[in-house]
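Since every read-out is calculated from the coordinates, none of them should be taken as a lab result. Treat the numbers as computed from the prediction; the structure is a model and nothing was measured. Note that each Cβ is placed from the backbone with ideal geometry, even for glycine, and that neighbours are counted across all protein chains shown.
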Amino acid sequence: MLTKRIIPCLDIKDGRTVKGVNFENIRDAGDPIELGALYAAQGADELVFLDITATNERRKTLSELVTRIAKHVNIPFTVGGGISSVEDVNVLLQSGADKISVNTSAFKRPELVDELAREFGSQCVVLAIDTRFEDGDWYVYLNGGRVKTEVKAYDWAKEAVGRGAGEILLTSMNNDGTKKGFALDITGKLSQNLNVPVIASGGAGTMDHFMDVFETAQADAALAASIFHYKEIEIPALKTYLYQRGMNIRF
Amino acid sequence: MKTVIIKYNAGNIRSVLFALDRLGVEGVVTDNPEEIKAADKVIFPGVGEASSAMRYLKERKLDQLITGLKQPVLGICLGMQLLCQHSEENDTNCLGVFDVEVKRFQSPVDNLLKIPQIGWNNITGLYCTLFEHVPENSYMYFVHSYYAALSPYTVATANYVINYSAALQKDNFYAVQFHPEKSAGEGQKILENFLKL
């Protein structure tokens, strides 16, 4: 049986792991390679590295970082942040990334998803969506949650899957950083209506939150950052907890 | 010992190289026929699409070269599918080492099946030296939309709605649908077993 995946996310700025609360107040959380290898050894199923560096040297330092990660980490990993072209993706995949995630650039030019799927295959194209619930629905936000759009998250996800996105990484901005649980409704809507895996992100605070997002929302994977970085929840304990409650989990 | 990774228009070559490196083995990536023929071990990787991969191999006459190899050969993912007879992916005639049909996963009527299968799945019925010291039900990392049907060559089985071949073996040809280079410690063990053949 295919298992539910637990995915630690490492936000990278200038080569270090950081984690914001509600997309702000960045704190340093350590060396990304050391942390990634530690999570892999603890039983993480995949890793996501999101680069939030905004300098001109970003592209080069990111590809070097990806090579170092690929050398040391023996589980799959996704790289995202500022990716906007086939060439960007080519460099990262050649450096050893297994998948890439696109967000704002794909929303602004949806053909990018088609191009990436055609060139590299859907299996390595993850569409990341930041979404916020307001006025009765979930809307897509861009630029790290700073820019609102009038497009609903479900509509955009559906379009992107049609264009070849192989997975959806859905972050609820309402829940992110709150530790009050994942956004079960929108995660469930995507997961139960789209025929690609959905990775739930934002809001993990307890082990039960993971149980809820897998069982109630039927997410295929759950992503979290700070609770792992600050050791509030350890991956082996989390996986045991889920396994004992009947989830398909890898050990 | 010389381990060669066949270079062609498919992904994951770097990941395989790094995985060999973690085992202390330096792999050589090449499409040079002489170099491939002279290697002790040949790895045939692959993430990509079947028909364009076959076209690329044929243009360089690598198709005949691969089927004629006598040393241990390990096909990974698309590499495994290309070693089969035929793939439904763009109706492609493949290399035919294994007389096996490669089909696309189908959603059952009452259930939305996510395609590709992405993630960790357990392998059972392990029956091959590749799996020495690899326990039954070990989890491996899979990413694929097409699968090799069960056959007399099946030496490991996985289930995604249906049972299918997670690994095949015939003579010196070994093939795995999952990615040992990305499957943590157990995957590493499988690569190590292959290198020891």
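So the values come out like this:
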{"item": "Long-range HN-HN contacts of B:ILE43 with modeled amide H, under 5 Å", "result": "B:VAL4, B:ILE5, B:ILE6, B:LEU74"}
{"item": "Positive-end residue, segment A:5-244 charge dipole about Cα centroid, Cβ charges, pick of A:TYR154, A:PHE214, A:SER122", "result": "A:SER122"}
{"item": "Where GluC sites (Glu not before Pro) fall in DSSP loop in segment A:205-245, at most 14 other Cβ within 10 Å", "result": "A:GLU232, A:GLU234"}
{"item": "Ranked B:SER165, B:SER15, criterion: other C-beta atoms within 10 Å, fewest first", "result": "B:SER15, B:SER165"}
{"item": "Amide proton proximity set for A:GLU46, modelled H, under 5 Å, gap of 5+", "result": "A:ILE6"}
{"item": "Longest site-free stretch - chain A; sites: trypsin sites (Lys or Arg not before Pro), DSSP loop, at most 14 other Cβ within 10 Å", "result": "A:1-145"}
{"item": "Principal axis box of segment A:5-244, alpha-carbon based, largest edge first, Å", "result": "42, 39, 32"}
{"item": "Sorted by Cβ neighbour density within 10 Å, fewest at the top, the residues A:SER122, A:SER201", "result": "A:SER122, A:SER201"}
{"item": "Low-density loop cleavage sites - GluC sites (Glu not before Pro) in segment A:53-98, where at most 12 other Cβ are within 10 Å (DSSP)", "result": "A:GLU57"}
{"item": "Zone of B:ASP21's modelled label, taken as backbone nitrogen in segment A:38-81 under 18 Å from a point 7 Å along Cα→Cβ", "result": "A:38, A:60-79"}
{"item": "³J(HN,Hα) computed for each position of segment A:221-229 - Karplus, 6.51 cos²θ - 1.76 cosθ + 1.60, integer Hz, glycine/proline x", "result": "8, 10, 10, 8, 10, 4, 4, 7, 4"}
{"item": "Under-5 Å amide H pairs with A:ASN248, H placed in peptide plane, nonlocal only", "result": "A:LYS4"}
{"item": "Dipole axis of segment B:1-126 (+1 Lys, Arg; -1 Asp, Glu on Cβ), positive-most option in B:GLN71, B:GLN117, B:ALA53", "result": "B:GLN71"}
{"item": "Sparse-neighbour loop sites [chymotrypsin sites (Phe, Trp or Tyr not before Pro); segment A:158-242; at most 14 other C-beta within 10 Å; DSSP]", "result": "A:TYR230"}
